[in-house]
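Derivation of every value follows stated rules applied to the coordinates shown; laboratory data play no part. It should be emphasised that the depicted structure is a prediction, and the values quoted were computed from it without experimental measurement. Every residue, glycine as well, gets a Cβ built from its backbone with ideal geometry; the counts of neighbours run over all protein chains shown.
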Number of protein chains: 2
Amino acid sequence: MLLAAAYVSDARYNRNILFETSPQSIRLYRLYNHQVMEAVTYFFILVDLALALFEDPAVYLLPVWATCAVELVCLLIFTIRLVHFAKVTPRNKFWKDMKNICVILTLLLTLFDIILYWTLIATGYYIIRWSRVMRPLFVVNFTESRQIRRAFRNIRNTLPEVANVFFLFMFSMVMFSLMGLKIFSKRHFETAEGTSYFNNYLDVFFDLYVLVTAANSPDVMMPAYNASGWYAIFFIVYIIINTYVFMSIFLAVVYNNYKKHLTNEVMKLVLLKRCKMIEAFKLLSVKKGTEFVVKEAQWTQLVKLVAPDISNSHRELLLKVSQEEQEKYIGKDSFIRLADLLNIKVITMKTRIHPIETWMPKLYNSYVSQAIQKMVKHRWFVYVFDIIIVINAIFIGLDDENSMISNAEWIFLSLYILEILLKLYVYEPKTFFARNQFWNWFDTWIIIAALLATTINAVLKSSGGYTSQQVLDFVLILRVLRLVRIVDSFQRFRVIMNTVINIGPTMLVFAGLIVVVYYVFAIIGMELFKGKIKFLGTNSTDPAADFCGNPKLINSAFAMSKYCKNNFNDIVSSFIILLELTVVNQWHACLLLANGFVAVTHPSARIFFCIFHIVVVILIINIFIAFILEAFLVEY
Amino acid sequence: MLLAAAYVSDARYNRNILFETSPQSIRLYRLYNHQVMEAVTYFFILVDLALALFEDPAVYLLPVWATCAVELVCLLIFTIRLVHFAKVTPRNKFWKDMKNICVILTLLLTLFDIILYWTLIATGYYIIRWSRVMRPLFVVNFTESRQIRRAFRNIRNTLPEVANVFFLFMFSMVMFSLMGLKIFSKRHFETAEGTSYFNNYLDVFFDLYVLVTAANSPDVMMPAYNASGWYAIFFIVYIIINTYVFMSIFLAVVYNNYKKHLTNEVMKLVLLKRCKMIEAFKLLSVKKGTEFVVKEAQWTQLVKLVAPDISNSHRELLLKVSQEEQEKYIGKDSFIRLADLLNIKVITMKTRIHPIETWMPKLYNSYVSQAIQKMVKHRWFVYVFDIIIVINAIFIGLDDENSMISNAEWIFLSLYILEILLKLYVYEPKTFFARNQFWNWFDTWIIIAALLATTINAVLKSSGGYTSQQVLDFVLILRVLRLVRIVDSFQRFRVIMNTVINIGPTMLVFAGLIVVVYYVFAIIGMELFKGKIKFLGTNSTDPAADFCGNPKLINSAFAMSKYCKNNFNDIVSSFIILLELTVVNQWHACLLLANGFVAVTHPSARIFFCIFHIVVVILIINIFIAFILEAFLVEY
Ligand code: NA
């Protein structure tokens, strides 16, 4: 029975782990999959990643022994988790799984790195803590992160095809550069800045590469175009082929592969789920007549084990769906469907009786109360509040120094609270706050937060005349967010918003992916560039503030644009600068950023920025778009 | 019989025209669909569009009476075509068709415009020839341009959904601008240039709109980010929502609609084709036993009428496919398939005998000749020529002033000619130059052109020592294009290239669409901005050359970047500046361009540039990407 429950549970959550079938192993396996154990693992992965906040270069510097100690604790937890897994799974399967090998290697290398670091420190040397780059491997390789791993597998599968297109693209670039060089170099044109134009192969190549992102259009064309209109043809053909056709093909290939592999993965999952359910069925079934069936009692016990949190009525509903014609048995096909049935969220559609009606039926059904209910359910009730929202928007736009307007805020707040209270009076609270009622939750939280923040603000103001700007900002954001509700009043917008809300959770997988990639680049970036560029504050009187504390940046465009805070001096700054590099359209600014770091280190630093560009912009952003396209096609 | 032929022909070419069924009408209808008639219509549409080259502001100015005369001729031709169509189609259908109404209105308005223009000229007034904007309507509305019309229909169908997302997007923009203004304006930050930051609602809105195209990132964020890292959250959330999510949703909605409507259109076409074929079958069929059939003689006569250009053997093949079991009749289902069968290009797969073998069998089958054939068919033959291409590429990259290298060009050229001759010796010429042998055609044309150009160049050089730079450029481009052939040697690249080549023809429909849109904007742009910005040549000694001949541009960024040639002074320049505006990523440059025109006219000129941006970038470019995505999914 326990084994059957384990199979059903695996099928339900799409787990794919082989485990031994001895009773002890099964109990261990249930423990392994317990929510608390998973939460602990996730927590320590987060702690391990968060260590970057406290290690040099740090947001808040802790002594090295402290971070190392915490890291050792994390390693210990990971080892325990791994040993637990090794106990559950058959030995030969364990050593064949790349995930486990990868985790063991990472653990050993990290340990080795820590020991090496302290040994060298003791003998007076300094060494980089290079194993920090490997931390995201824990995120990817622990069995808990199935979805991120799937996303990575997707990228790996897409790589060969993208590489082919990339080679073709590079070939096209080389050809065009060759033509450009040969045609323009001997004509000795000059750029607007008076420098020579298309004179050196690498420069031409780089200029044309930048033209793909269209960042130097039309500047790169102007010298030739000014000389003769015919030269424009060269650039027009180039832009059509390399900017539009090739960039679309990149997206098409990524989308194509994404779709193909997604279908494969889904097929595999369905098959696996079926296999597990058949195994479970085999364990529980008894022969009845010519076919095998599962007895109702057995079935109920199983469901209680697998899903202890569902209500009796829900379980009875499932039973009714699974049973055929009043019989006390469940057939094979119905049994196999159980894994999917358990995942369906049952929304109680029966009209519950309002609690007030239960307590005070006379009052609730009185004439006035009926009128209120009719009013709230009327569509004009929605319209009136839409109008109030619009008026509120105008008031927010107006000058808030005026006391009349800041007092109006109280009126709006009370109107919104009144609205929620009225709705709660009319609609049954449990139905109103059902899981799928996104907007009701949204409204209520926003209003409660706004009420709290506005009160705090008023108290602060009246008590000392002092108002915290942060509280005011918070109130403002809440006020503006409140306006978002108006979108829900239009059917056409609601469809789009619901699609976005539905694909939201899967988007989080993407966020995980991005964090993993960013983390690796951030750690490398910090080791390469830490402390080279310093931000000394906006109002610093230190003359070094004008050149980011590095004399090599005196009079550089980087310092003049006040980019000093774009640095790799801690993990938060690193993430922000990587985001800026991702939003790559303005290559110009990217170049400016990259050039700043090249100036303070070495020209080869460009390689770091180039690799980041190719990985993130060509691959990950395209996969993101492919993902949205597919999700929209399915959901919309 | 004629009527049946007309039905089959319509089904074959996917025409959807109702015509009267009297014998005279059918003959008229056949004439109407004759290739020459269609070619004449296309030619005059082109002439009408090309008039913009010769009208003020002109590339080559012709007197107004000349262009007006040509336009009247065009109008006459269009009227004849329309009257012809009216004779063919039933009267009530003719007046119900929006296309015809549209053409008639355009004709009348153009005529009215011309008369008005001359009347006012005679009385001493001047008026704009406003009807020129309507010329692209002829392209769209004449029945010959089915595909462009379908593309426009597609856009029109996509509009409502895109508009919904656009409203949501604008709503999000308004909300963020409001928040940005309220949070940052009272903090009095300064930009790197020392101007005030986020101080005025419209400026904030515009800055954030530009941030969607990521053109002013990270500059727009820096003042706030320098003050506190927390402000970065505002911009990060903004970029994620508006740049990535909304822009992807735009693409997703366009792609979604494109796919949906494409399926609808294809379904409709298939249904219509079937109806026509059934009509034709009804006309020709006779009863035989319990079912209706078409006699073989009738069928042959029909095919001869519909497709007079196909060979006897091809027709016999079609007959064999259509006939069931040796009978002399064709059944209904086989008959309906005929429309599709006629469109299949039959590639003669039988190994033809080489003409030399026919003439001189002894020589062709001799030992030496056999050896040559074996060598050419060997895969090392391909490898050797790939290596030659690589060496050739290196030589092109080297300095071509060196006489040794320019002489090497002759060697390469002879090697390539030798390759083609050898292949022609080995493979049967008709097979070698079959329609689907893209690369053979490509190679041969390139080599012939290169041979001609190199010879002309050599003759010019030896005769007068004078070498035309244009000829040299042409030779160079041909040389570089020759290198493209190497792509075909790799299977993986060949697949991608073939996909691109296959979707090429349909891409031309897109080119047509873009030309129509550009033409309208170019005509309007010319009327608005002609002569405001002048390009006086690169080496002009006129001081006005420094400010594009307009004092309002003195010291402007527009003039300093030497953008003077980016103007609307003739239709060619207009098309080039519109292309530059399409490649919008570098919004910076776009702004620079737009600001130049705003400076010389009026701030409301911005509206022109904004509308162009929304139409072309959000709608047409996304449809282009959707089209490539879909084409790739089908072809790849
Ligand atoms: Na850009």
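Could you tell me the relative contact order of segment A:355-489? Use alpha-carbon pairs under 8 Å, at least six residues apart, and round to a whole percent. It would help to have the intermediate numbers written out before the result.
On the way: 63 pairs, mean separation 34.2, N = 135.
Computed value for segment A:355-489: 25 percent relative contact order.
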| remark: In whole Hz, the Karplus estimates of ³J(HN,Hα) for segment B:450-455 (6.51, -1.76, 1.60; θ = phi - 60°; x where Gly or Pro) are 5, 4, 4, 5, 5, 5
| query | Residue by residue, what Karplus-based ³J(HN,Hα) values in Hz, rounded to whole numbers, does segment B:56-68 have, using 6.51, -1.76 and 1.60 with θ = phi - 60° and x for Gly and Pro? | reply | 4, x, 10, 6, 10, 6, 10, x, 4, 4, 5, 5, 5
| chain A: relative contact order in percent, alpha carbon pairs under 8 Å with at least 6 residues between | 16
| query | If you take the alpha carbon radius of gyration of segment B:99-153 and divide it by 2.2 N^0.38 Å, what ratio comes out, to two decimals? | reply | 1.41
| said: For a Förster distance of 41 Å, can you work out the FRET efficiency between the beta-carbons of B:Asn555 and A:Phe206, rounded to the nearest 0.05? | reply: 0.85
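Stokes-Einstein diffusion coefficient for segment B:7-89 at 4 °C in a medium of 1.567 mPa s, Rh from the Kirkwood formula over Cα pairs: what value in µm²/s?
88
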| field | Within segment A:372-417: Cβ-based charge dipole about Cα centre, in debye rounded to nearest 20 (Lys, Arg +1; Asp, Glu -1) | value | 540
| query | Across bins of 20 angstrom width beginning at 0, how are the C-alpha pair distances of the protein assembly as shown distributed, in whole percent? | reply | 8, 27, 36, 23, 6, 0
| remark: Residue separation between A:Lys268 and A:Ile121 times 0.36 nm, minus their alpha-carbon distance, gives in nm 47.8 nm
| field | Hz values of 3J(HN,Hα) by residue in segment A:266-272 - Karplus curve (6.51, -1.76, 1.60), Gly and Pro given as x | value | 5, 4, 4, 4, 4, 4, 4
| message | Principal axis extents for segment B:83-232, Cα atoms only, whole Å, descending order, please. | response | 76, 45, 20
| request: Starting from the eigenvalues of the Cα gyration tensor, five times each then square-rooted, give me the equivalent ellipsoid semi-axes of segment B:151-265, largest first, whole Å. | output: 35, 12, 11
| task | List the residues whose amide H sits under 5 Å from the amide H of A:Asn550, counting only those 5 or more places along or on another chain, with H placed 1.01 Å from N in the peptide plane. | result | A:Lys534
| field | Distant-in-sequence amide H partners of B:Lys288 (H built 1.01 Å from N, under 5 Å) | value | B:Val293
| note | Footprinting proxy, B:Thr191, A:Thr67: sorted fewest to most Cβ within 10 Å, the residues are B:Thr191, A:Thr67
| Give me the log10 of I(q) over I(0) for chain A at q = 0.09, 0.12 Å⁻¹, as the Debye formula computes it from C-alpha points; what are the numbers? | -1.13, -1.43
| field | Set of lysines with alpha-carbon distance to A:Lys377 below 19 Å, sequence-local pairs under 8 removed | value | A:Lys350, A:Lys423, A:Lys430
| query | Rounded to the nearest 0.05, what FRET efficiency is calculated for A:Val495 and B:Ile372 with R0 set to 60 Å and r the Cβ-Cβ distance? | reply | 0.30
| request: If a/c stays under 1.5 just call it rounded; otherwise compare a/b with b/c (prolate if a/b is bigger, oblate if not). Do that for segment B:355-489, with a ≥ b ≥ c from the square roots of the Cα gyration tensor eigenvalues. | output: prolate
| What order do you get for A:360-369, A:299-308 when each peptide is scored by the mean count of other beta carbon atoms within 10 Å, highest first? | A:299-308, A:360-369
| note | Other residues with Cβ under 15 Å from the Cβ of B:Asn550 give, with Lys and Arg +1 and Asp and Glu -1, a net charge of +4
